[in-house]
Amino acid sequence: MSRVVVSGRIPADGLAALQEQHEVVSWDDASGMPRAELLRRVAGADAIVSLLTDQIDAEVLDSAGPQLKVVANVAVGFNNVDVDACKERSVVVTNTPDVLTDATADIALGLILMITRRLAEGERVIRNQEPWKWGMFYLLGSGLQGKTLGIVGLGGIGAATARRAKAFGMKIAYSSRSGPKPELADELDATLLGFDELVATSDVLSLHAPYSPATHHLIGAEQLAAMKDSAYLINTARGPMVDESALFKALKSGQIAGAGLDVFEEEPAVHPGLSELDNAVLLPHLGSATVETRTAMAMLAALNTNAVLAGQAPPNPVT
Ligand code: DGY
């Protein structure tokens with residue numbers, strides 16, 4: 001029997017799909033397996049099922065040992081896994097694409113509505129029992145109709161966000177490091193722009209590229225200065241794609257109109273100034289947080305694990 005270490009709590013269906021075939025070492029505490037425990041428990045593992053909060057690096061791989069065959073990350077992003085170190089050790093890395101596309105796009109659209117229509121600000125007024133009265137100029141936001149949504153990275157989640165935004169009357173533009181996406185562009189009537197032009201012309205700029213050294217601080221002081229002062233930044237991808245200090249300054253000075261963030265540079269820490277700004281909407285990485293999606297993610301990670309351990313090609317290898 002193979003030994004599978006699951007580094008944190010995952011939905012029961014996914015755990016059961018692993019337990020049917022393997023000896024599974026699981027972890028029930030919702031806060032995740034502490035690093036020292038992970039290093040200890042992976043010893044002798046054939047598979048590690050990891051969460052995005054676990055750094056799966058050379059130290060973890062070496063603690064597991066040479067029999068380790070697969071790291072199945074329960075996320076579409078896999079920047080927490082040292083893919084090169086895995087390759088060097090012939091360890092397959094898998095992720096969970098597609099199943100979280102709609103849930104994440106829903107959150108991106110939710111953030112767009114929250115920040116442009118000042119929903120969180122309004123909710124705070126009621127919740128804090130502040131005095132208020134309907135007024136012609138009270139808590140005015142910005143409409144989406146006819147505005148341009150700039151999608152950085154027109155993959156599955158970017159396209160799903162664009163589809164939703166089109167239903168709100170937005171025009172779609174996109175930039176793509178991997179080149180034009182003619183079929184999606186056709187479907188969405190989307191215009192391909194260079195990254196700099198996209199940044200400078202979008203009314204709402206939404207990040208959907210994978211995080212890597214190449215996209216670290218993709219949005220920094222220079223890009224924020226180039227954005228329209230009426231523009232909004234949305235990040236549901238990975239926090240370190242945005243220079244959070246530069247964003248704080250841009251929001252505080254009114255260089256851009258607002259930001260909706262589901263991810264943070266040093267998660268779970270958040271730049272302390274951001275929570276004091278009314279023009280920032282901040283969510284605790286909820287992109288894939290639905291019962292259905294998390295179940296599907298766990299099931300897919302189990303499928304990937306089971307395939308590799310059965311000597312078959314997994315459905316979702318990352319390279
Ligand atoms: C992912 O899968 O990468 C998401 O960030 C999880 O919410």
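The values are calculated or read from the model by the stated rules, or taken from the named source; none is laboratory data. Computed from a predicted model, the values in this text were never measured in an experiment. Cβ coordinates were reconstructed from backbone atoms using ideal geometry, including for glycine residues, and neighbour counts include every protein chain displayed.
At-a-glance table
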quantity	calculated
Unmet criterion (only one of (1) within 14 Å of the ligand (Cβ to nearest atom); (2) of a type outside the set (K, R); (3) not in a loop (DSSP other than H, G, I, E, B)) for N79	(3)
Test: A298 is of a type outside the set (D, E, K, R), outside any helix (DSSP H, G or I) and either outside the structural domain of L109 (by TED's automatic domain parsing) or away from the ligand (no atom under 11 Å from the Cβ) (or both)	no
Residues satisfying the stated conditions in region 1-16, i.e. surrounded by fewer than 22 Cβ atoms within 10 Å (Cβ to Cβ) and in contact with a Leu (Cβ under 7 Å, 6 or more places away or on another chain)	S2, G8
Qualifying residue in region 26-41 (condition: within 16 Å of the ligand (Cβ to nearest atom) and modelled with pLDDT of 95 or more)	no
Residues (within 11 Å of the ligand (Cβ to nearest atom) and either touching a strand residue (DSSP E or B) at 6+ places or on another chain (Cβ under 6 Å) or at pLDDT below 95 (or both)) located in region 65-76	N73
Subset of region 261-281 (residues that are within 15 Å of the ligand (Cβ to nearest atom) and surrounded by 18 or more Cβ atoms within 10 Å (Cβ to Cβ))	L261, D262, V263, F264, E265
Search result, residues across region 193-218 that are assigned to a loop (DSSP other than H, G, I, E, B) and out of contact with any helix residue (DSSP H, G or I) (no Cβ under 8 Å at 6 or more places or on another chain)	G194, S202, D203, P210, S212
Matching entry among T148, T116 (being under 12 Å from V204 (Cβ atoms), touching a Lys or Arg at 6+ places or on another chain (Cβ under 8 Å) and away from the ligand (no atom under 16 Å from the Cβ))	T148
From the options V4, V99, V49, residue that is within 23 Å of P315 (Cα to Cα), within 16 Å of the ligand (Cβ to nearest atom) and part of a strand (DSSP E or B)	V49
Long-range neighbours under 9 Å by Cβ, at least six apart or interchain, first residue more than 10 Å from A298 (Cβ to Cβ) within region 1-27, second aromatic (F, W, Y)	V5/W27; S7/W27; G8/W27
